[in-house]
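We did not get these values from a lab; they are worked out from the coordinates using the rules stated. Note that the structure is a prediction, hence the values are computed from the model and not measured. Please note: Cβ atoms are built from the backbone with ideal geometry, for glycine as well, and neighbour counts cover all protein chains shown.
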Amino acid sequence: MPSYSTPGVYVEEIASLPASVAPVATAIPAFIGYVERTVQPDTTDLVNTPVRITSLLEFEALFGAAPVSAATVDIEKTVETGGRLVSLDVRWATSGAPADPSFLLYYSVRMYYANGGGPCYIYPVGIYGPPSTPTTVAQADFTAAITALEAEDEPTLLVFPDATNLSNSQHGAVVTAALNSCVTTQDRFTIADVRNAVVGGTVTNQNVTDNFRSQVTAAATDVLKYGAAYFPYLRTTMPFRLADTDVTIASFVEHAIDPANPSAAPTDTDILATLANGDLADLAPGAATADTAVYSEARQLVDSARVIMPPSGAVAGIYARVDRTRGVWKAPANVGIALSSGPAVPITDDLNGSLNVDPGSGKSVNVLRSFAGKGTLVWGARTLAGNDSEWKYVPVRRFANFVEESVKKAIGVYVFEPNDANTWVKVRTMIENFLSVQWRDGALQGAKPEQAFQVDVGLGKTMTAADILNGLMIVEVRLAIVRPAEFIVLRFIQKLPEA
């Protein structure tokens, strides 16, 4: 009670509401990889600096676009005497189609936003360099970035698609480092790609074990529960970055035929010899050797090529979308993938089953599958601790992260408060109010709040007299987190006629 000595009117406000728990963000990924540029117009260099962005446009303004690709085409053109076009064949030269890009960060961020992503962090570990002298992808770049990101509080997901261009063992080491970092921070989750997906071929569970499971050296459930892996790569609808000057013309032959003498052999002309640079720009409108028909056909072929890439960026976007529309407790599965025309490898039920449940290593791998009439779906929601009953499912682990981090931040106001019954009641009430909201939203099981959660704090309950003397206030929170219906079994029984 303040001491008053001057006559007058004084106003006192008395707090009647308990402190509340503010929910933390649940799907803020940190993308680690290589970009086109890091130096800004004001000469600031953003390399090895976490940068928060909210759109793909912002990414492009800060870091540029996708790496430039290269392609080679063969052209065969048949005309009549006088120049009338008879036929035109533009095709990829041998090994001339664009190769899958080595640097995937831009494409991954684009997939992230296309699939519902929001704010995220970009951690550029370097520039990818020109096509003639590309940067070498280094394991140390990723492990150093993962460690540095531990100082950032907001990120809740770790995504590193460019690490798939490392060797199997190096990629496994990066995934292991990310899982260990999640254990250290206890507020984030790793989305890992299974590298080297076989495109257009046959893949087995053993391939995945060799390329991924055996390379991730983390074995303890307490580590594996902080991450999930996704397989296979995705065929996307994103075109390569190919300017006219990046499309080389390997051969360009024109056959001239005489309609008045159809039996005469055509006159062949090597058009390539007349081109200044031997690329598609020589045929573009406005060029000295422009050929609109050939250019349009070649450009259509080039633009039809699509990128094949790891799924982690798209999956991160799906995490964000599901968290926003349903809640972090909803499994980010049975959800369509935007900008995708299908998985790079067809997944059978048998392969799906062996990836989902692996008795040997226990490291479950979630698959991406195509279904008739449904498109490409995420068809799995298991953590890498797939054989662990407690932390088997992604939404269970991520919801626990969400509750732990939210309560941890809120309860900080009670540090150095009296460790007595008054403080205990405030703390318990604050946490119970927060969990009641989660229960009403459907995150916790039970017909009544007391069946969904329990919060205990106090002498004789969670603390001894010695604990209080040592300054410890111990709060125990028990949660009945909802779990996904991974296997739905329908049982049909014929009912015999009754008299």
- Item | Debye intensity ratio in log₁₀ form over the Cα atoms of region 1-53, taken at each q of 0.27 Å⁻¹ | -1.15
- Message: Taking 20 °C and 1.002 mPa s as the conditions, I'd like the Stokes-Einstein D for region 55-105 in µm²/s, using the Kirkwood hydrodynamic radius from alpha carbon pairs.
- Response: 148 µm²/s
- Can you give the alpha-carbon Rg of region 395-437 over 2.2 N^0.38 Å, where N counts its residues? 1.28
- Note on the structure: To the nearest 10 degrees, the tilt of helix 168-185 (Cα long axis) against the first principal axis of the alpha carbons of the chain is 30 degrees
- Note on the structure: So ASN277 and VAL437, fully extended at 0.36 nm per residue minus their Cα-Cα distance, gain in nm 50.9 nm
- Please list 104-117, 404-417 highest first by mean number of surrounding beta-carbon atoms within 10 Å per residue. 104-117, 404-417
- So what's the angle, to the nearest 10 degrees on a 0 to 90 scale, between helix 421-441 and the longest Cα principal axis of the chain? 40 degrees
- Cα-based shape type of region 421-499, given that a ≥ b ≥ c are square roots of the gyration tensor eigenvalues and the cut on a/c is 1.5: prolate
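Express the relative contact order of the chain as a whole percentage, based on alpha carbon pairs under 8 Å and six or more residues apart in sequence. Kindly include the intermediate steps, with their values, before the conclusion.
On the way: 954 pairs, mean separation 85.6, N = 499.
17 percent.
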- Query: region 353-439: D in µm²/s via Stokes-Einstein (Kirkwood Rh, Cα pairs, 4 °C, 1.567 mPa s)?
  - Reply: 80 µm²/s
- If R0 = 25 Å, then LEU459 and SER3, at their Cβ-Cβ distance, give a FRET efficiency to the nearest 0.05 of 0.15
- Task: Using a 10 Å cut-off on Cβ atoms, rank the peptides 44-57, 354-367 from the highest mean neighbour count down.
- Result: 354-367, 44-57
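Tell me, what does the Kirkwood hydrodynamic radius of the chain come to in angstroms if you use every pair of distinct C-alpha atoms? Can you show the working numbers first?
Numbers: mean 1/r = 0.0377 Å⁻¹.
For the chain, the Kirkwood estimate is 26.5 Å.
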- Message: So if each residue of separation counts as 0.36 nm, and I subtract the Cα-Cα distance between THR81 and ARG483, what length gain in nm does that give?
- Response: 137.4 nm
- Could you work out how far helix 312-325 tilts from the main Cα principal axis of the chain, as a 0 to 90 degree angle to the nearest 10? 50 degrees
- Note on the structure: Label model pair ASP467, SER169: point-to-point distance (7 angstrom along the Cα→beta-carbon line) in nm is 4.7 nm
- Message: Order 282-289, 182-189 from most to least packed using the mean count of other Cβ atoms within 10 Å.
- Response: 182-189, 282-289
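Counting each pair of different Cα atoms once, what's the Kirkwood radius of region 144-299 in Å, rounded to one decimal? Could the numbers behind the result be given before it?
On the way: mean 1/r = 0.0491 Å⁻¹.
About 20.4 Å, per the Kirkwood formula over Cα pairs.
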